[in-house]
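Visitor: Structure provided below as structure tokens; questions to follow.
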Amino acid sequence: MNFLNELNDIQREAVVANDGPVLVVAGPGSGKTRVLTYRIAWLLAEDKAKADEILALTFTNKAAREMKERIQRVAGESAGRLWAGTFHSIFARILRTEAAHIGYPTNFTVYDTDDTKSLLSTIIKEMNLPREQYNVNGVRARISWAKSKLITPKLYVEDEELRREDKQKQQLYIYEIYARYTARCKMAGAMDFDDLLYRTYELLQTKHPETKEYFIAEKYRNRFKYILVDEFQDTNTLQYAIIRKLVNPENHNIYVVGDDAQSIYGFRGATIQNILDFEQDYKPFGIKTVKLVQNYRSTAPIVQAANRVIAFNRQQIQKQIRSEKGEGQKIRIVRAMTDDEEARRVVDAILEQKNRDHLQNKDIAILYRTNAQSRSFEENLLRYDIKYKIFGGVSFYQRKEVKDLIAYLRVAVNPKDDEALKRVINYPKRGFGKTSMDKIEALAAAQQLPFWDALGLAQLGGRMEQTVLDFKSIFKEAHENMANADAAVLARSIVLESGLLRELKEDTTPEGKSRLENVNALLDGIQAFVEDDTLIDIETLPDKTLATYLQNVALMTDMDSDESDQDYVTLMSVHAAKGLEFKSVFVVGMEEDLFPSFMSKESLDAVDEERRLFYVAITRAEQLLTLTYANSRYRFGKMQYNSPSRFLEELPLDQVENAGQVFGGEPSAKKTPTGASVSGNFSRRTAITNTVPRIDPATFQPSPSDAIQAGMEVLHLKFGKGKVLHIDGGAQNRVATIVFEASGAEEKRIMLKFAKLQIL
């Protein structure tokens, strides 16, 4: 067993732990996967069990595949008979054998998301329920949540709290939809994705008609001598309930590996309580707890920051991670005035790191709280011709909902754009079915007309005539005011009139909320395009019309992709980054209501999960960690002024490179994990938020642009107070060079005909 020599003392202790319950608390970068795979290899080498007597549960097929490959390298081909896979794949395998015991055929169908939504739509229609109240995605999410909590339709209808919640949402009949959906699935011999867990638990609860014993549970308890679970902190109530049913009560050979500080999937139903309660649950059976605290990934400043931040959480398994890589560069915090400036400064820093530290693109990651934040970083990376790749989602401008809105805007600018028109004519659904579309296309082909013109001439009859008029009216304001109107105003008019915003708001799932955020991010980008007075290029941006905006976007998104070149900067959400590592990490958007999310404010538990998410973010960094925030950013069409994230206050000041700049000098007191003040009266929040003065837009009075002259002091909504150094350019394109107090000596070039400046 030479492989044991590859482990440090604590890892080896975890691998060779005696039988019985074992909890391995594995900090970031501590070799968790190696410990889990070597534990299985050791069980095989010690002949404690045959491969098919070991059950290893993971959360991804990739993790299961890698685990098998690693074990085979150490223990040989016999490891191929392991029961190793995701919860869903393993339990589907069991159900294929045993489903008859719960009234299902062994060849049951597995419904995908589309199947589920189709069946729910049918049920909602049959019940004559209003679709605007009973959105299919929202109903599906509610039923999925109930199953994850082991709430049957019968228990649901008997639960007064659940019924009260549904009443508040004006969804009184969710319980009946749930009951009908469950009955229809069973009648069809079908299970959805949630049922693969839900029905497994039901199966393990099944009693033999004669002996009254839980005979299926007993069968698999005897089969699996050892059960191992990876990423245990990500399990939900139902998954843990199944695991407990499978553990043999004679030996309690359950081995779980996880990190409570990396429990970040509460929105999917995962509960941190499983790992927090595990010790207590198995204490009567002699549980052994091993803590892997040596971090082989990150330098000391990063590890110390992670330790201090997570110490603010109320419930946790106490541990102090230590770095094996020694000292390194301190953490850098970057403050920007706007979100676009934040993106520019991040890209500048990337260029600097590539030159100074000789990093390649693939060594660098930009992590954000929401996918919608990627827009400004993509734009700036494109400007500097830095290759990048979006992970955990597609590029911002390639997301369906973004392409849908851009298609609407393209039709507004150019009604003869047939491809854009065909994309949106029936989204959201308006009744343009195949018959109607065929008629319009035939007329367009016969008379050589654009689709838009054929749309007005085709004899569709009945209600479709009004449908055509309603569709064309979406673009009425845009067509009448295209040359002079504010691009942002037109875009918001179109997104409201089209019903696109309403359609997205009705989808209350996490994916639906993300799509809505992306559309709002695009609208905010258009608003920023209109409001941004800083000069980019007068030749390419002659005005702020919708047509100019679309031309600008087309240039930015028309990027040649060379799949053979794997050297790209990684852009992804923090959730998607879990398990990865990079030499340099930028965690961006470190502002209150963004990170932590505004949705977490109602619950201390939710804030704790946001803090764990921040912990995951900073521990992705190996050498360089940069945290950025913006004083202001467009959100939901309005300029919002932001306070820096509370998490920045929780960092250890001695590990922040520019603490004096950021926190206003060396404080005499600091916030502690208990919230107490050590001494003195220094307020870190006050110091960190002392940035651009907030100006009330309601009282701000822009002066005529032709009245602004060199030497004047002026006020700007975003940049605050400044002084005009000089003015150049022709009468129609006057450009001012201004130094604003909050930006130090940095000069900004502003085109005055677009500027909103108040003379002081």
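The values are calculated or read from the model by the stated rules, or taken from the named source; none is laboratory data. What you see is a predicted model; the values in this text were computed from it and never measured. Cβ coordinates were reconstructed from backbone atoms using ideal geometry, including for glycine residues, and neighbour counts include every protein chain displayed. Surface accessibility is based on the protein's heavy atoms, side chains included, excluding ligands, DNA and RNA. Shrake-Rupley method; radii C 1.70, N 1.55, O 1.52, S 1.80 Å.
Visitor: How about segment 86-110: which of its residues are closer than 24 Å to GLU176 by Cβ and at pLDDT 85 or above?
Guide: Result: ILE102, GLY103, TYR104.
Visitor: Considering only residues of segment 267-309 that are among the aromatic types (Phe, Trp, Tyr) and open to solvent by less than 20 Å² (accessible area, probe 1.4 Å), which is nearest to the chain's Cα centre (by Cα)?
Guide: That would be PHE278.
Visitor: I would also like to ask the following. Tally up the residues in segment 703-735 that are open to solvent by less than 40 Å² (accessible area, probe 1.4 Å) and part of a loop (DSSP other than H, G, I, E, B), please.
Guide: Within segment 703-735, residues that are open to solvent by less than 40 Å² (accessible area, probe 1.4 Å) and part of a loop (DSSP other than H, G, I, E, B) number 4.
Visitor: Further question on the same structure: Out of (1) open to solvent by less than 50 Å² (accessible area, probe 1.4 Å); (2) in a loop (DSSP other than H, G, I, E, B); (3) over 18 Å from ALA183 (Cβ atoms), the odd one out for GLY138 is which?
Guide: Condition (2) is where GLY138 drops out.
Visitor: Tell me, please, whether a residue that is of a type in the set (D, E, K, R) and without any contact (Cβ under 8 Å) to a residue 40 or more places away in the chain can be found in segment 404-411.
Guide: The answer is no; no qualifying residue exists.
Conditions tested, residue by residue: (1) among the basic types (Lys, Arg); (2) under 37 Å from the mean Cα position of the chain (by Cα).
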{"residue": "TYR38", "(1), (2)": "no, yes"}
{"residue": "LEU44", "(1), (2)": "no, no"}
{"residue": "LYS50", "(1), (2)": "yes, no"}
{"residue": "THR58", "(1), (2)": "no, yes"}
{"residue": "ILE71", "(1), (2)": "no, yes"}
{"residue": "VAL74", "(1), (2)": "no, yes"}
{"residue": "ALA84", "(1), (2)": "no, yes"}
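Visitor: Ok, one more. Find all pairs meeting these conditions: Cβ atoms under 6 angstrom apart; at least six residues apart or on different chains; first residue within segment 24-42 and in contact (Cβ under 8 Å) with a residue 24 or more places away in the chain and closer than 24 Å to ASP277 by Cβ; second residue in a loop (DSSP other than H, G, I, E, B) and open to solvent by 10 Å² or more (accessible area, probe 1.4 Å).
Guide: Final answer for the pair search is VAL25/ILE317; GLY27/VAL293; GLY27/ILE321; LEU36/ASP230.
Visitor: Inspect segment 88-111 for any residue being part of a helix (DSSP H, G or I), open to solvent by 40 Å² or more (accessible area, probe 1.4 Å), of a type in the set (A, V, I, L, M) and within 30 Å of ARG221 (Cα to Cα) and give the result as yes or no.
Guide: yes
Visitor: Touching a helix residue (DSSP H, G or I) at 6+ places or on another chain (Cβ under 9 Å) and within 23 Å of SER89 (Cβ to Cβ): is that true of GLY103 in this structure?
Guide: yes
Visitor: Looking at segment 194-204, is at least one residue more than 21 Å from ALA270 (Cβ to Cβ), open to solvent by 40 Å² or more (accessible area, probe 1.4 Å) and part of a loop (DSSP other than H, G, I, E, B)?
Guide: Taking every residue of segment 194-204 in turn, none turns out to be more than 21 Å from ALA270 (Cβ to Cβ), open to solvent by 40 Å² or more (accessible area, probe 1.4 Å) and part of a loop (DSSP other than H, G, I, E, B).
Visitor: Given the residues LYS403, LYS387, which is the only one that is open to solvent by 60 Å² or more (accessible area, probe 1.4 Å) and at pLDDT 90 or above?
Guide: LYS387
Visitor: Checking the condition buried (at least 21 other Cβ atoms within 10 Å of the Cβ), out of contact with any Cys (no Cβ under 6 Å at 6 or more places or on another chain) and assigned to a loop (DSSP other than H, G, I, E, B), which residue from ILE177, ILE264 passes?
Guide: ILE264
Visitor: Moving to a separate point now. Within the set of pairs 6 or more residues apart or between chains, which connect a residue that is open to solvent by less than 90 Å² (accessible area, probe 1.4 Å) inside segment 592-612 to a residue that is among the charged types (D, E, K, R) and in a helix (DSSP H, G or I) with Cβ atoms less than 6 Å apart?
Guide: PRO596/GLU610; SER600/GLU610
Visitor: Still on this structure: With respect to VAL256, determine if the residue is buried (at least 24 other Cβ atoms within 10 Å of the Cβ) and modelled with pLDDT of 95 or more.
Guide: Against the criterion (buried (at least 24 other Cβ atoms within 10 Å of the Cβ) and modelled with pLDDT of 95 or more), VAL256 qualifies.
Visitor: Further question on the same structure: Quick check on LYS403: is it outside any helix (DSSP H, G or I) and closer than 30 Å to ALA444 by Cα?
Guide: Against the criterion (outside any helix (DSSP H, G or I) and closer than 30 Å to ALA444 by Cα), LYS403 does not qualify.
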